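S.K.: Below you'll find the structure I mean.
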Amino acid sequence: MLKYLIIKLCDTAPSFCHYYNPNNVKNLMTFETLKESILFGMKENLNIQFLYPDYELPTEYKEEIDKVDHTDIVSFWNKDKELLEKAEIVVIDSWHDVTKHLNGVQSYILRTSKDDFFKNYKVLMEVLLIVQRINIVFTDISECNKEDLDKYKNILEEISDFIAKEYISAKTPQTNILTDRFLLKSMNNCNAGDEVITVAPDGKFYVCPAFYLYEEKDEGNLRDGLKVRNSQLYKLSHAPICRQCDAYQCKRCVWLNKQMTLEVNTPSREQCVIAHLERNQTRKLLQQIRVHGIFMPEIEIPEINYLDPFDKIVR
């Protein structure tokens with residue numbers, strides 16, 4: 001069931017996920033398309049999320065957007081300072097920017113390569129003391145090898161020790177790679193193509209912004225309606241491995257799935273292993289905190305003996 005509508009206002013709007021945006025040519029959605037997109041979202045009772053370019057929008061665009069409840073997703077480099085200050089989600093693409101002008105009101109998405117993460121992860125611990133929330137999104141999962149995954153495991157342990165001390169001190173830093181699994185009782189994935197759909201500047205629907213940028217087929221348009229082909233493939237019920245998994249915080253990015261396995265409902269081994277390293281470390285973090293008192297007694301994360309569910313299935 002559709003719940004969210006992403007309105008990508010321009011080709012240059014930043015990526016907030018695993019994909020890279022190669023476009024630097026301004027192609028702003030027409031004002032009429034903007035109004036039609038908003039009307040579609042309102043008719044379908046969807047949560048509308050606007051994905052902004054770095055430049056300031058014309059006044060009439062901003063006034064039209066402000067007529068509807070919505071979420072703003074902007075780049076840290078957005079030139080509209082008023083928008084940047086009020087946006088609910090701010091996307092950062094450089095560790096150099098992480099410590100600049102962050103506040104405890106907004107949520108942040110930090111897109112990073114694995115190597116940059118390994119070099120700068122201690123900065124993350126500093127940031128967790130400042131912001132309400134920060135999500136880590138890796139831009140090069142396809143290049144991860146065993147050595148990288150071993151490094152990631154060790155770093156997760158170090159960050160986990162830090163977070164445990166903060167929770168014991170009655171502070172609650174939040175990051176998707178370690179604390180989300182505390183609160184989840186079912187899969188909380190990307191869900192593009194099922195619960196989330198994107199309207200691009202051309203007025204057509206796409207599974208997500210990456211499907212538009214990389215010229216995948218559209219899923220209908222504002223004039224003729226939304227028609228997702230093979231819609232069942234985007235549903236968790238048709239992902240035979242994922243629907244039995246309890247790494248509930250896993251992104252399960254359908255674009256990355258298709259890039260790495262050619263199937264939108266089948267994650268790569270790298271995605272699965274990363275998700276399970278996070279899941280297992282969250283289990284240990286839960287135990288660390290509980291040594292000092294009652295903490296989320298209703299949550300249990302059982303011990304498992306695998307990192308890739310497929311390994312367990314084929315044995």
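The values are calculated or read from the model by the stated rules, or taken from the named source; none is laboratory data. Model, not experiment: these values are computed from the prediction. Using ideal geometry, Cβ is built from the backbone for each residue, glycine included, and neighbour counts are taken over all protein chains shown. In case anyone asks, the SASA skips ligands and DNA or RNA and just uses the protein heavy atoms, side chains included. Shrake-Rupley method; radii C 1.70, N 1.55, O 1.52, S 1.80 Å.
S.K.: Within region 56-66, can one find any residue that is under 21 Å from Arg111 (Cα atoms), open to solvent by less than 60 Å² (accessible area, probe 1.4 Å) and assigned to a loop (DSSP other than H, G, I, E, B)? Show your work before the answer.
M.R.: Taking region 56-66 as the starting set, the residues that turn out to be under 21 Å from Arg111 (Cα atoms) are none.
Scanning region 56-66 turns up no residue that is under 21 Å from Arg111 (Cα atoms), open to solvent by less than 60 Å² (accessible area, probe 1.4 Å) and assigned to a loop (DSSP other than H, G, I, E, B).
S.K.: I would also like to ask the following. How many residues are at pLDDT 95 or above and more than 15 Å from Ile304 (Cα to Cα) when one looks only at region 284-294? Spell out the reasoning first.
M.R.: Taking region 284-294 and keeping what is at pLDDT 95 or above, we get 284-285.
This time we only want the ones that are more than 15 Å from Ile304 (Cα to Cα), so: 285.
Of the residues in that region, 1 qualify.
S.K.: Does region 68-79 include one or more residues that are touching an Asp or Glu at 6+ places or on another chain (Cβ under 6 Å), surrounded by 20 or more Cβ atoms within 10 Å (Cβ to Cβ) and part of a loop (DSSP other than H, G, I, E, B)?
M.R.: Taking every residue of region 68-79 in turn, at least one turns out to be touching an Asp or Glu at 6+ places or on another chain (Cβ under 6 Å), surrounded by 20 or more Cβ atoms within 10 Å (Cβ to Cβ) and part of a loop (DSSP other than H, G, I, E, B).
S.K.: Of the residues that make up region 150-164, is at least one of a type in the set (Lys, Arg), at pLDDT 95 or above, open to solvent by 20 Å² or more (accessible area, probe 1.4 Å) and closer than 14 Å to Ala275 by Cβ?
M.R.: Yes, region 150-164 contains at least one residue that is of a type in the set (Lys, Arg), at pLDDT 95 or above, open to solvent by 20 Å² or more (accessible area, probe 1.4 Å) and closer than 14 Å to Ala275 by Cβ.
S.K.: To continue, here is another question. Output the number of residues of region 192-246 satisfying the condition of being on the phi > 0 side of the Ramachandran plot and within 17 Å of the chain's Cα centre (by Cα). Give the derivation first.
M.R.: Here is the first cut: in region 192-246, the ones on the phi > 0 side of the Ramachandran plot are 193, 203, 215, 220, 225, 230.
Pick out the ones that are also within 17 Å of the chain's Cα centre (by Cα) and you get 193.
Within region 192-246, residues that are on the phi > 0 side of the Ramachandran plot and within 17 Å of the chain's Cα centre (by Cα) number 1.
S.K.: Considering only residues that are among the β-branched types (Val, Ile, Thr) and in contact with a Phe, Trp or Tyr (Cβ under 8 Å, 6 or more places away or on another chain), which ones fall in region 55-91?
M.R.: Ile65, Thr71, Ile73, Val74, Ile89, Val90, Val91
S.K.: Show the residue pairs meeting these rules: Cβ distance below 7 Å; 6+ apart or different chains; first residue within region 185-203 and of a type in the set (D, E, K, R); second residue part of a loop (DSSP other than H, G, I, E, B) and surrounded by fewer than 21 Cβ atoms within 10 Å (Cβ to Cβ).
M.R.: Asp194/Lys235; Glu195/Met1; Glu195/Leu2; Glu195/Lys3
S.K.: Is it true that Glu300 is open to solvent by 50 Å² or more (accessible area, probe 1.4 Å), closer than 25 Å to Asn176 by Cβ and without any contact (Cβ under 8 Å) to a residue 12 or more places away in the chain? Give the derivation first.
M.R.: Working: open to solvent by 50 Å² or more (accessible area, probe 1.4 Å): yes; closer than 25 Å to Asn176 by Cβ: yes; without any contact (Cβ under 8 Å) to a residue 12 or more places away in the chain: yes.
Judged against the criteria, Glu300 is a match.
S.K.: Hey, another quick one. Quick check on my filter: what residues within region 15-29 are in contact with a Phe, Trp or Tyr (Cβ under 9 Å, 6 or more places away or on another chain), outside any strand (DSSP E or B) and over 17 Å from Ala192 (Cβ atoms)?
M.R.: Matches in region 15-29: Pro22, Lys26, Met29.
S.K.: Could I ask something else about it? When the residues of region 1-45 are narrowed to those that are open to solvent by 40 Å² or more (accessible area, probe 1.4 Å) and hydroxyl-bearing (Ser, Thr, Tyr), which ends up nearest to Ala200 (Cα to Cα)?
M.R.: Taking the candidates together, the pick is Thr30.
S.K.: Any chance region 123-136 includes a residue that's of a type in the set (Lys, Arg) and buried (at least 17 other Cβ atoms within 10 Å of the Cβ)?
M.R.: Yes.
S.K.: Do you know which residues across region 165-210 are in a loop (DSSP other than H, G, I, E, B), surrounded by fewer than 21 Cβ atoms within 10 Å (Cβ to Cβ) and touching a strand residue (DSSP E or B) at 6+ places or on another chain (Cβ under 7 Å)?
M.R.: Hits for region 165-210 are Gln174, Asn176, Glu195, Gly203.
S.K.: Another question, if that's okay. I want to confirm something. Restricting to region 94-112 and keeping residues that are over 19 Å from Glu82 (Cα atoms), open to solvent by 30 Å² or more (accessible area, probe 1.4 Å) and outside any helix (DSSP H, G or I), which single residue is modelled with the highest pLDDT?
M.R.: The extreme case among them is Ser94.
S.K.: Could you tell me whether region 47-54 includes any residue that is crowded, with 17+ Cβ neighbours inside 10 Å, of a type in the set (A, V, I, L, M), without any contact (Cβ under 8 Å) to a residue 24 or more places away in the chain and not in a loop (DSSP other than H, G, I, E, B)?
M.R.: no
S.K.: Kindly indicate which of Gln271, Gln281, Gln232 is of a type in the set (S, T, N, Q), open to solvent by 40 Å² or more (accessible area, probe 1.4 Å) and modelled with pLDDT of 90 or more.
M.R.: When all the criteria are applied, what remains is Gln232.
S.K.: Hey, another quick one. Out of all the residues in region 303-315, which are surrounded by 12 or more Cβ atoms within 10 Å (Cβ to Cβ) and out of contact with any Cys (no Cβ under 6 Å at 6 or more places or on another chain)?
M.R.: If the condition is that a residue be surrounded by 12 or more Cβ atoms within 10 Å (Cβ to Cβ) and out of contact with any Cys (no Cβ under 6 Å at 6 or more places or on another chain), then Ile304, Tyr306, Leu307, Phe310, Asp311, Lys312 are the ones that fit.
S.K.: Okay, moving on. Within region 128-175, work out how many residues are under 25 Å from Ala87 (Cα atoms) and within 18 Å of the chain's Cα centre (by Cα).
M.R.: Residues of region 128-175 that are under 25 Å from Ala87 (Cα atoms), as a first pass: 128-139, 171-175.
Right, trim to within 18 Å of the chain's Cα centre (by Cα) and you get 128, 131-139, 173-175.
Qualifying residue count for the region: 13.
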